[in-house]
Amino acid sequence: MERTILGRVFLTISTTGDPGRPATDLGFLLHKHPEKAQTFSTSHGTAHVFYPEASAERCTAALLLEVDPVALVRRGKGKGRGGAPDAALAQYVNDRPYAASSLLSVAMSAVFKSALNGVCRALPERVQAPMPLRIEVPALPARGGAELVRKLFGPLGWTSVDAVAVPLDEQFPEWGDSRYVRLVLEGELRLADALRQLYVLLPVLDDAKHYWVAPDEVDKLLRAGEGWLATHPEQKLITSRYLSRRWGLTRQAMQQLELVRLAESDDLDVESIDNAVDETTDTEEKPVPLAEQRRAAVLEALRAAGASRVLDLGCGQGQLVQALLKDVAFTEIVGVDVSMRALTIASRRLKLDRMGERQAARVTLRQGSLTYTDKQLKGYDAAVLSEVIEHLDLPRLPALEYAVFGSARPRTVLVTTPNVEYNVRWETLPAGHVRHGDHRFEWTRDEFRGWAREVAQRHGYGVDFVPVGTDDPEVGPPTQMAVFTMTTADGTAKQSGNRTEKEANAA
Ligand code: SAH
């Protein structure tokens, strides 16, 4: 068959220089010499890199991809997409030359591999440094239009994100806009970061990946998303589109990203206010820190419930696990936390490596996120969520609710959280502040009770409330605890209010 070249897609990357740092350094960073036009054969056609301008003051590199639809179809077959030549694909390639489709992202990864990875032996220090960049994509297929383009690039550190819809036909503006957007990004970023954003976001905007989505796409996404995707407000859209809306992979990626985000914001145990003494405790003896009072309240409630197999969900650095180990009534203790750092500290605190066999058999520490169901958490007598819920973004709370009350379903669940009303009593806390930098919310007694009653009702539990710390007549106790007890025989909690996991995650 005659080899036809139908589509050409491209983008340009420009930088400016200053004395001592010529703009042509861009050539080193991209590993492509400014004086040579270079051609690479990629899986979907031929990629060209050339420099329309290359002086010490300004340097522009252009990437052009000549898409070879024959190769594309052949490759599609080989990869097991079902084998049928993709008619829609040929049409797509014909649709508009120079469109920066998802294929461009594939070409980028082939042609700018080292630059994407931030590797440059010639100029190692420049790789790490932000540089003035202007990136232009003249025809970016964008499902969601210019507005989505701005939403996706907006939070990524550019000083200007200029996205304008391309008219269907310049001469007939009344025909309206095409599905293409002209994008110009300007700002000071590291080249590798900019390339990795494009590598992910071009196919996301295109929303039509023309190659097989394999499980290793999750790894690719996480690698390219390092440093920006975990905290991106459109993370869900990006992840799900990038992975061609495959729910299983999307879930897996989101879970990993959550681990990353939490590990990054991981400055626990600076719950300094917790370790501070409750000044209002009216006692002659040495006052007891609130954290200790809370552990005592939790232990008492667990004993009252007759629990022996206990989950400590969001166990942090293991203080409660340690206290539980001291009481032989607790025969099996599982601490779960999303933070590897906290778990490492916990295992040191417990001296897990030096523990006798019988003790060691009682305790397990596991990394996991509580917003995802986990079969291994089923069948326990009790679960403790001590000062954990307020670390979750409110929209993630239904997912935790489902994982704990819908899926794990221990007989007893203890939830403690700060009572925000009490904050006025902390002398060291400025007005209107939460107690800890990572607290996403703090609730009044009414708010907490309202939430707890609904949860109980949805999942077949009864709930009581116990104050922890001095119960101030006006503002209540510093910590509030809810004690949930299962009321329905298990396996039958099928009230209409029950959500499925998918719904909970979507909420
Ligand atoms: N329970 C301990 C620690 C509270 S700090 C105590 O009472 O002292 C909150 C803990 O919740 C942190 O260790 C944090 O890593 C953990 N955490 C927050 N979100 C989580 C999630 N989604 N899954 C698992 N653990 C989480």
Would it be correct to say that Lys220 is open to solvent by 10 Å² or more (accessible area, probe 1.4 Å) and under 18 Å from Thr42 (Cβ atoms)? yes
First in segment 249-264 and modelled with pLDDT of 75 or more, second anywhere and of a type in the set (Phe, Trp, Tyr) and within 13 Å of the ligand (Cβ to nearest atom), Cβ under 7 Å, 6 or more apart: Gln255/Tyr372
Take segment 329-343 and flag every residue that is farther than 24 Å from Lys378 by Cβ and away from the ligand (no atom under 12 Å from the Cβ). none
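Select from segment 344-355 the residues that are outside any loop (DSSP other than H, G, I, E, B) and more than 16 Å from the ligand (Cβ to nearest atom) and write down the one among them that is most open to solvent (accessible area, probe 1.4 Å). Give the derivation first.
First pass over segment 344-355, keeping only residues outside any loop (DSSP other than H, G, I, E, B): 344-350, 352-354.
Keeping just the survivors that are more than 16 Å from the ligand (Cβ to nearest atom) gives 352-354.
Numbers: Leu352: 53, Asp353: 128, Arg354: 171 Å².
It comes out as Arg354.
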I'd like to verify a number: residues in segment 383-412 that are in contact (Cβ under 8 Å) with a residue 60 or more places away in the chain and not in a helix (DSSP H, G or I), how many? 10
Filter segment 377-401 down to residues that are of a type in the set (D, E, K, R) and open to solvent by 20 Å² or more (accessible area, probe 1.4 Å) and give me whichever is nearest to the ligand (Cβ to nearest atom). Arg396
Note on segment 361-373: residues more than 10 Å from the ligand (Cβ to nearest atom) and crowded, with 17+ Cβ neighbours inside 10 Å are Arg362, Val363, Leu365, Thr373
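Please tell me if Arg358 is open to solvent by 40 Å² or more (accessible area, probe 1.4 Å), within 15 Å of the ligand (Cβ to nearest atom) and not in a strand (DSSP E or B).
Working: open to solvent by 40 Å² or more (accessible area, probe 1.4 Å): yes; within 15 Å of the ligand (Cβ to nearest atom): no; not in a strand (DSSP E or B): yes.
Judged against the criteria, Arg358 is not a match.
Ala456 - would you say it is more than 16 Å from the ligand (Cβ to nearest atom) and in contact (Cβ under 8 Å) with a residue 24 or more places away in the chain? If you could, list the steps in order and put the result at the bottom.
Details: more than 16 Å from the ligand (Cβ to nearest atom): yes; in contact (Cβ under 8 Å) with a residue 24 or more places away in the chain: yes.
It is true that Ala456 is more than 16 Å from the ligand (Cβ to nearest atom) and in contact (Cβ under 8 Å) with a residue 24 or more places away in the chain.
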Residue list for segment 168-188, restricted to those being surrounded by fewer than 17 Cβ atoms within 10 Å (Cβ to Cβ) and out of contact with any strand residue (DSSP E or B) (no Cβ under 6 Å at 6 or more places or on another chain): Asp169, Glu170, Gln171, Phe172, Glu174, Trp175, Gly176
For Ile345, which of the numbered conditions (1) modelled with pLDDT under 90; (2) more than 26 Å from Pro477 (Cβ to Cβ); (3) over 26 Å from the mean Cα position of the chain (by Cα) fails to hold? (3)
List pairs: first in segment 362-374 and part of a strand (DSSP E or B), second more than 10 Å from the ligand (Cβ to nearest atom), Cβ under 6 Å, 6+ apart or cross-chain? Val363/Ile333; Thr364/Val334; Leu365/Ser347
Checking the structure you have, find out if any residue of segment 288-302 is modelled with pLDDT under 80, surrounded by 14 or more Cβ atoms within 10 Å (Cβ to Cβ) and within 12 Å of the ligand (Cβ to nearest atom). no
Please tell me if Arg309 is at pLDDT 90 or above, more than 29 Å from the chain's Cα centre (by Cα) and open to solvent by 20 Å² or more (accessible area, probe 1.4 Å). yes
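The values are calculated or read from the model by the stated rules, or taken from the named source; none is laboratory data. All of these numbers come straight from a predicted model, not from anything done at the bench. All Cβ positions, glycine included, derive from the backbone under ideal geometry; neighbour counts span all protein chains shown. Note: areas computed on protein heavy atoms with side chains; ligands, DNA, RNA excluded. Shrake-Rupley method; radii C 1.70, N 1.55, O 1.52, S 1.80 Å.
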